[in-house]
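Working notes, beginning with the structure itself.
The values are calculated or read from the model by the stated rules, or taken from the named source; none is laboratory data. Bear in mind the structure is a predicted one, so any value in this text is a computation, not a measurement. Cβ sites come from the backbone with ideal geometry, for glycine too, and all protein chains shown count toward neighbours. Just so you know, the surface numbers come from the protein's heavy atoms only, side chains and all, with ligands and any DNA or RNA stripped out. Shrake-Rupley method; radii C 1.70, N 1.55, O 1.52, S 1.80 Å.
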Amino acid sequence: MYVSMKDMLLHAHDNNYAVMAINVVNMEQVKACIESAEEEKSAVILNVSPRQMKAHAYPYIIAPMVKNLAESAGVPIALNVDHGVNMEDITKAIQCGYSSVMVDASSYEFEENIRRVRAVVSLAHAKGISVEAELGHVGVAADADGENTDYYTNVAQAREFVERSGCDCLAVAVGTAHGSYPKDRIPKLDFDRLKELRKTINVPLVLHGGSGAGEENITRAVACGINKINVCTDLMNHAKTSLLRALEEEPGIQYMELNERVEESMKDFIKAYMRLIGSNNRYTFEKHTGPEFD
Ligand code: 13P
């Protein structure tokens, strides 16, 4: 099923679990995500950032591919613009068939953030497309942004923000950050703030910077109310490591087989993560009806 993030995240919200949102840049990653979701009877969100869209994963290629595979899958699949900052990128993705968008105006002040989200909401909701927004700012792990409490989401502001912006889910800053943390550093999350946010606002909450956060933090974040977890760096690194390993073990491996090995390895990672955050066994799996070369 090709769907927006809205209903799948409300289901996660009502049943206290989280859905993975995975950055994808090619067919192998798309297939790995969708097949993992089917095998685990889980929903999944495929994320592509504007940088990824412009460099490699062009929307006019990715969107129809995801849509075709999702339509014949028996579980909910969404395709989301990750950190859409300008209207042009968001509009282009919508025109190409994205089912969901994130508008990241978290670097702007409160009123401007609301104004920008509202503009996207009025465009997207008219087409049944869900909108994620961000309040507070999830920065960069290498810059120690996760430790900067000035960036954390203000609980009182969050309620007003959600009411006035009309967003369907909210990314919050509670101690994680994007990319790799310095070696041996596990972030410290502000779980009390997260619990307060959960109590105060009624839309699903999103955790960015899932990579390197550690299993304990992730499961606790879900228990405290997170319903969507963004993962990019960990899966990219996992794919690269499995590619290098396959080449080392079998230097004469054919290119297609190499891709298949990496895809299988990504599936192992994704399926384990789905079980960790409790999105498995949430849907009844209906067998693929197509495509022709299954
Ligand atoms: P990581 O690369 O740290 O997993 O962050 C992903 C993310 O939050 C994408 O929006």
Exercise. Which of Val75, Gln95, Ala43 sits farthest toward the positive end of the charge dipole of segment 39-122, with +1 on the Cβ of Lys and Arg and -1 on the Cβ of Asp and Glu?
Worked result: Gln95
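Return a whole-number percent for the relative contact order of segment 1-104, with Cα pairs under 8 Å and 6 or more residues apart as the contact set.
Working: 172 pairs, mean separation 33.8, N = 104.
It comes to 33 percent, rounded to a whole number.
Multiplying the sequence separation of Val140 and Glu71 by 0.36 nm and subtracting their Cα-Cα distance, what value in nm do you get?
So the extension gain works out to 21.3 nm.
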Problem set entry | Nitroxide proxy distance, nm - points 7 Å out along Cα→Cβ at Ala126 and Glu147 | 4.7 nm
For this session: Determine one quarter of the surface area of the Cα convex hull of the chain, which equals its mean projected area, and express it in nm² to one decimal.
Result: 14.8 nm²
For this session: Can you tell me the FRET efficiency between Lys41 and Met256 if r is taken as the Cβ-Cβ distance and R0 is 30 Å, rounded to the nearest 0.05?
Result: 0.55
Exercise. Asp7 accessible area, nearest 10 Å², 1.4 Å probe?
Worked result: 110 Å²
For this session: Tabulate in residue order the Karplus-calculated ³J(HN,Hα) for segment 98-114, using 6.51 cos²θ - 1.76 cosθ + 1.60 with θ = phi - 60°, rounded to whole Hz; enter x for Gly and Pro.
Result: 4, 9, 8, 9, 10, 10, 9, 10, 6, 8, 8, 6, 3, 5, 5, 4, 4
For this session: Mind ranking 136-148, 200-212 by how tightly packed they are, going by the mean number of other C-beta atoms within 10 angstrom, highest first?
Result: 200-212, 136-148
For this session: Using a Förster distance of 25 angstrom, determine the FRET efficiency expected from the C-beta separation of Ala55 and Asn237, and round it to 0.05.
Result: 0.90
Seminar exercise, completed: Taking a straight Cα-to-Cα line shorter than 20 Å from Lys183, and setting aside same-chain lysines fewer than 8 residues away, one finds Lys240
Problem set entry | Candidates Ala73, Ala55, Ala105: whichever shows maximal mean-square fluctuation once the chain is modelled as a Gaussian network with Cα springs under 10 Å | Ala55
Exercise. What are the extents of the Cα atoms of segment 152-294 along their three principal axes, listed from largest to smallest and rounded to whole Å?
Worked result: 59, 44, 24
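Going through segment 167-197, which trypsin sites (Lys or Arg not before Pro) have at most 14 other Cβ atoms within 10 Å and a DSSP loop state? Intermediate results must be reported in sequence, preceding the final value.
Working: sites: Lys183, Arg185, Lys188, Arg193, Lys195; in loops: Lys183, Arg185, Lys188.
Counting only loop positions with at most 14 other Cβ atoms within 10 Å, the trypsin sites (Lys or Arg not before Pro) in segment 167-197 are Lys183, Arg185, Lys188.
For the pair Ala156 and Asp14, what calculated FRET efficiency results from E = 1/(1 + (r/R0)^6), where r is the Cβ-Cβ distance and R0 = 25 Å, to the nearest 0.05? Working shown, then result.
Numbers: r = 25 Å, r/R0 = 1.00.
For R0 = 25 Å, the calculated efficiency reads 0.50.
Could you tell me whether segment 6-52 comes out rounded, prolate or oblate from its Cα gyration tensor? Rule is a ≥ b ≥ c as square roots of the eigenvalues, rounded for a/c under 1.5, then prolate if a/b exceeds b/c, otherwise oblate. Each step should come with its number before you reach the end.
On the way: a/c = 3.47, a/b = 1.50, b/c = 2.31.
Oblate, since a/c reaches 1.5 and b/c is not below a/b.
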Exercise. Using a basic spin-label model with each label point 7 Å from the Cα along Cα→Cβ, how many nm lie between Arg220 and Leu244?
Worked result: 3.1 nm
